[in-house]
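Colleague: There's a structure below that I have some questions on.
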Amino acid sequence: MNDGSTINNIQCVVDFENTPEETLKRITTGAAISVIGTLVESKGAGQKYEVQVTKLEILGDSDAEKFPMQPKKHSLEFLRENAHLRVRTNTYGAINRVKSALAFAIHKYFHDKDFNYVHTPIITGSDAEGAGETFRVTSLDLNNLPKNEDGSINYKEDFFGKETNLTVSGQLEAETFAMALGQVYTFGPTFRAENSNTTRHLAEFWMIEPEVAFNDLNDNMDLAEDFIKYVIKYTIDKCQDDLKFLENRLQEEEKSKPQAERSEMNLLEKLNFVLENNFKRVSYTEAIDILRDSTPNKKKKFNYIINEWGADLQSEHERYLVEKHFKCPVILFDYPANIKAFYMRLNEDGKTVRAMDILFPGIGEIVGGSQREERYDVLVEKMKALGIDQEELWWYLDTRRFGSAVHSGFGLGFERLVLFVTGMTNIRDVIPFPRTPQNAEF
């Protein structure tokens, strides 16, 4: 029997004389039961204690023949198709207990450091990333859309009187609070309408986004490293049984892979690798030189060959830097301005920005952040160059008009963190009901 509070089951020993045979036949996989009895030391192997049952009640029968979660190994794809029941398996029970501990650790970390928790809007009129990959929000009748004289949709008749979408980030709104409260964080759902079916992308996911007034990029890197180490350490301390189970599961999975594709570290070694190493801080320019001169680049083993400065790094490059070259977590900083967002502070060279990404083994980028552009004139020029509507973001520009100061922040995709800590390889397996292209089941 298992009540979901732990990966460990407890055996309940029934006296046939006190329990009708018909009742015992109804206790099938998935059934809900209530047991009253005496906890005693177990004589059986593999467990310390057992329950000697004095009273047994069936609360809910289970149709054993039709119940999908049979006591055998199921493929992860099959379990995704039964996402409403998969949490009853050992793997998903362990994942979600770890996920719960991580979420609590995040709030505890920021609470203990006197951060203010801010709820930023889910419905917004802005696209923080400027990528245009947003989900529209509307109450208009799609079969009878109001039109302007030029044939375009008249959004003035929509619920909010303008075009709106689901948020891709709470950062811009969080910045406004940082300039009033000093240090704040958001932890909420975000949405990207990116038509991507990879193992690392979701259309709906959760983001942790701190913003801190008076922090420069170095302070930002310090905060991000300290934060990540804290939440991982907290989870290791609280979820030892679940992490050990997930480690064993991962080791079994690794056996089916070719030797060259197997991880060099088991799960707990990988987590301790993050805790025990200082994150190496490397400029983008230095990283490009390392990658350009690397053996896999020269032998064209990379899928994306690095030829020149300005290239947008891919996961294979990020993992090479972490796993092969530096052999520790890496923070890359000072990226080319043209591959980063408009709100990142421009450096004196005029071609790089005060951006930073944290790279982890096995996963590549896990955190993205920057020192924000606090100078009104520079921000306006960047928005003009990128075609970003100043009228739409008038309120954001106001924060630069009225008492602006140096400030920084970062974003951490929660599910990507859970992916790393649990050792799972598909992000759809660490969120209860994944939202992906052509899939909004449950």
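The values are calculated or read from the model by the stated rules, or taken from the named source; none is laboratory data. Computed from a predicted model, the values in this text were never measured in an experiment. Every residue, glycine among them, receives a Cβ derived from its backbone with ideal geometry; neighbour counts consider all protein chains shown. Note: areas computed on protein heavy atoms with side chains; ligands, DNA, RNA excluded. Shrake-Rupley method; radii C 1.70, N 1.55, O 1.52, S 1.80 Å.
Colleague: Out of everything in the stretch 242-271 that is assigned to a loop (DSSP other than H, G, I, E, B) and either aromatic (Phe, Trp, Tyr) or under 19 Å from Ile95 (Cβ atoms) (or both), what residue ends up being modelled with the lowest pLDDT? Break it down into steps so the answer makes sense when it comes.
Modeller: Start the filter on the stretch 242-271 by keeping residues that are assigned to a loop (DSSP other than H, G, I, E, B), which leaves 255-258, 262-266.
With the extra rule that they be either aromatic (Phe, Trp, Tyr) or under 19 Å from Ile95 (Cβ atoms) (or both), the set shrinks to 263, 266.
Numbers: Ser263: 77, Asn266: 91.
If we take residues in the stretch 242-271 being assigned to a loop (DSSP other than H, G, I, E, B) and either aromatic (Phe, Trp, Tyr) or under 19 Å from Ile95 (Cβ atoms) (or both), then Ser263 is modelled with the lowest pLDDT.
Colleague: Considering only the stretch 345-376, state which residues are outside any strand (DSSP E or B) and not basic (Lys, Arg).
Modeller: Correct list: Asn347, Glu348, Asp349, Gly350, Pro361, Gly362, Ile363, Glu373, Glu374, Tyr376.
Colleague: Can I ask one more? Which of the following residues is within 30 Å of Lys280 (Cβ to Cβ) and not aliphatic (A, V, I, L, M): Asn154, Asn220, Asn143?
Modeller: It is Asn220.
Colleague: Sticking with this structure for a sec: Of all the strands (runs of 3 or more DSSP E) wholly in the stretch 105-218, which have at least 2 residues that are in contact with a Cys (Cβ under 7 Å, 6 or more places away or on another chain) and closer than 27 Å to Glu441 by Cβ?
Modeller: Output list is empty.
Colleague: Okay, next question. Check Leu145, Leu140 and return the single one that is farther than 26 Å from Glu374 by Cα, modelled with pLDDT of 95 or more, in contact with a strand residue (DSSP E or B) (Cβ under 6 Å, 6 or more places away or on another chain) and open to solvent by less than 60 Å² (accessible area, probe 1.4 Å).
Modeller: Leu145
Colleague: Then there's this: Assuming Arg428 fulfils every condition listed in (1) more than 30 Å from Ala103 (Cβ to Cβ); (2) open to solvent by 10 Å² or more (accessible area, probe 1.4 Å) apart from one, which condition is it?
Modeller: Only one criterion in (1) more than 30 Å from Ala103 (Cβ to Cβ); (2) open to solvent by 10 Å² or more (accessible area, probe 1.4 Å) is unmet by Arg428, namely (1).
Colleague: Just name the residue that is modelled with the highest pLDDT out of those in the stretch 34-71 that are open to solvent by less than 60 Å² (accessible area, probe 1.4 Å) and closer than 21 Å to His84 by Cβ.
Modeller: Ranking the qualifying residues of the stretch 34-71, first place goes to Gly60.
Colleague: Let me ask something else about it. Cβ-Cβ under 9 Å, sequence separation 6+ or interchain: first residue in the stretch 213-226 and farther than 21 Å from Leu346 by Cβ and free of Cβ contacts under 8 Å to residues at least 12 places away in the same chain, partner open to solvent by less than 60 Å² (accessible area, probe 1.4 Å) and of a type outside the set (Ser, Thr, Tyr). Which pairs?
Modeller: Asp222/Asn215
Colleague: Of the numbered conditions (1) in a helix (DSSP H, G or I); (2) over 22 Å from the mean Cα position of the chain (by Cα), Arg319 satisfies every one except a single condition; which is it?
Modeller: That leaves (2) as the condition not met.
Colleague: Those residues that are more than 43 Å from the chain's Cα centre (by Cα), closer than 30 Å to Thr91 by Cα and part of a loop (DSSP other than H, G, I, E, B), I need them from the stretch 8-26; list them, please.
Modeller: Val14
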